[in-house]
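Take a look at the structure set out below.
The values are calculated or read from the model by the stated rules, or taken from the named source; none is laboratory data. As the structure is a prediction and not an experimental result, all values here were calculated from the model. Reconstructed Cβ throughout: ideal geometry from the backbone, glycine too, with neighbour counts over all protein chains shown.
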Amino acid sequence: MKKPLLSRASIWNMSVGFLGIQAGFALQNANASRILQTLGADTHQLGWFWLVAPITGMLVQPLIGHYSDITWTSLGRRKPYFLVGAILASIGLVLMPNAGLFTAILPALWVGAGMLMIMDASFNVAMEPFRALVADKLSTDQRTAGFAIQTVLIGLGAVIGSWLPKILVEWFGVSGESINNGVPDNVIYAFVFGALILMGAILWTIFTTSEYSPEELSKFEDGGDDHETVSTSNVVSTIFKDFGKMPETMKQLGLVQFCSWFALFGMWVYSTPAIAEHIYGLAANDTKSPLYQEAGNQVGYIFGIYNLVSAIFAFTLPFIAGKLGRKYTHAISLVAGGIGLISIYFITDPEMLVFPMIGVGMAWASILAMPYAMLAGSIPAHKMGIYMGIFNFFITIPQITNGIIGGPILHNIYGDHAIYALVTSGIFMLLGAVASIYVKDKDDPVFMKSI
């Protein structure tokens, strides 16, 4: 028995929560380095502070995936995790830019880093079950469209989050300058609004989306009938056992993901210092200048551009994938992203930064959709949550790797010139495109038509 086809409205409703998550995530990506530098971090130290994000993701997502697989409550299977994650992430969003208020207890820099950890752990609690929910609810025929719609809403949410600081300055006259070397008001208020958007979007999905019960899932042809009952004391051993049994397609996608997320981590961490120095002409670690805050606002703006492009490009992904296949669609998108990141080195006018973001946006749209569409058809439905969580290892490990080695390379080889970290990110994205070509995507409708 096949899963029933869902209406477009139902698919959109189940993905609205991702808009909120990504609004908060985009605020973090575009502003965390600026906040940490304002609180006292050196450029080559940024990657170390950002390590808390992938480390918490590595620990949280497989556990959340496992428990959401075996959870069933009156609220549902995945939805309890959405709600808890949203509440905790909203608290972190409000507190991080206000870290200076806690200096009587701890150094502001450490408070800011702690809030970064809370936010990212909470985003992961909410995010992983959303991936599993799409796979739970949609048949193979609708999964590419489902992940593409999810990507559209991710893009829109990220545009909102990325642009909020600049909008507050230019439209509402909120101060964008650092007072007493603190975090500017526009950044503080943007994080508060981001918390409200996050909660509202998550609640929309919770109230508009139902979930299939375990009994209903077992009736579908991809639902399986070999569900395991696992005691909580065996969670870790179960995760390692499933890790060892991961499908071949998942292993191949792991290399693609490593290259892609190594690149993304470098872009998120080093864009602000790279653009402030290379394009605005500031000295490294000159975080007190008003021009630095202008550069930070510009980074938020261009991050919004790449997310807007990703939201638009996501609409075309099902069509392109239907013609070329998912792995070739992903490869082409990563090539566009790699070229975009490398081209920043050759730009001197801040306004021209919009153009590299077109390629980055294409890559981001595909990164958020194609690997999951390829993965979903290769894993058993009753293990969807835990394997989506394990798949997160291939997102967090490259970020941890970059976080550990990126700072020393930047300081000792690149002479603290962060622009070279962006060029390195572009090269890794090109390597991910090559790796994508070798993925065996047997569940791809284009592949299935050819055999």
Next item on the list: Only residues in segment 395-417 that are in contact (Cβ under 8 Å) with a residue 60 or more places away in the chain and under 21 Å from I275 (Cα atoms) count as the first member; pair them with residues that are among the hydrophobic types (A, V, I, L, M, F, W, C) and not in a helix (DSSP H, G or I), Cβ under 6 angstrom, at least 6 apart or cross-chain, and list the lot.
Entry: G403/L51; D416/A284
Note to self: Name the residue that is nearest to the chain's Cα centre (by Cα), counting only residues in segment 74-100 that are at pLDDT below 85 and not in a helix (DSSP H, G or I).
What the structure shows: R77
Notebook entry, point to check: Among the numbered criteria (1) within 18 Å of the chain's Cα centre (by Cα); (2) at pLDDT 85 or above; (3) surrounded by 24 or more Cβ atoms within 10 Å (Cβ to Cβ), which single criterion is violated by G385?
Noted result: (2)
Notebook entry, point to check: Which residues, taken from segment 90-114, are surrounded by 24 or more Cβ atoms within 10 Å (Cβ to Cβ) and closer than 15 Å to G194 by Cα?
Noted result: L93, M96, P97
Next item on the list: Look through G254, G266, G281, G300 and report the one residue that is over 28 Å from I160 (Cβ atoms), among the small types (G, A, S) and assigned to a helix (DSSP H, G or I).
Entry: G254
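In this structure, does W48 turn out to be surrounded by fewer than 24 Cβ atoms within 10 Å (Cβ to Cβ), within 25 Å of T401 (Cα to Cα), modelled with pLDDT of 80 or more and out of contact with any Lys or Arg (no Cβ under 9 Å at 6 or more places or on another chain)?
Numbers: surrounded by fewer than 24 Cβ atoms within 10 Å (Cβ to Cβ): yes; within 25 Å of T401 (Cα to Cα): yes; modelled with pLDDT of 80 or more: yes; out of contact with any Lys or Arg (no Cβ under 9 Å at 6 or more places or on another chain): yes.
Judged against the criteria, W48 is a match.
Looking at segment 388-406, is at least one residue polar (S, T, N, Q) and under 30 Å from S218 (Cα atoms)?
yes
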Next item on the list: Filter segment 101-129 down to residues that are at pLDDT 75 or above and either among the acidic types (D, E) or under 15 Å from the mean Cα position of the chain (by Cα) (or both), then give me how many there are.
Entry: 12
Check: Which of the residues belonging to segment 412-451 are at pLDDT below 95 and touching a Gly at 6+ places or on another chain (Cβ under 8 Å)?
Finding: D441, K442, D443, D444, P445, V446, F447
Margin query: Tell me whether segment 384-393 contains one or more residues that are among the polar types (S, T, N, Q), in a helix (DSSP H, G or I) and within 28 Å of L51 (Cβ to Cβ).
Written below: no
Next item on the list: Residue by residue through segment 191-219, note down the ones that are over 22 Å from V84 (Cα atoms) and in contact with a helix residue (DSSP H, G or I) (Cβ under 9 Å, 6 or more places away or on another chain).
Entry: L217, S218
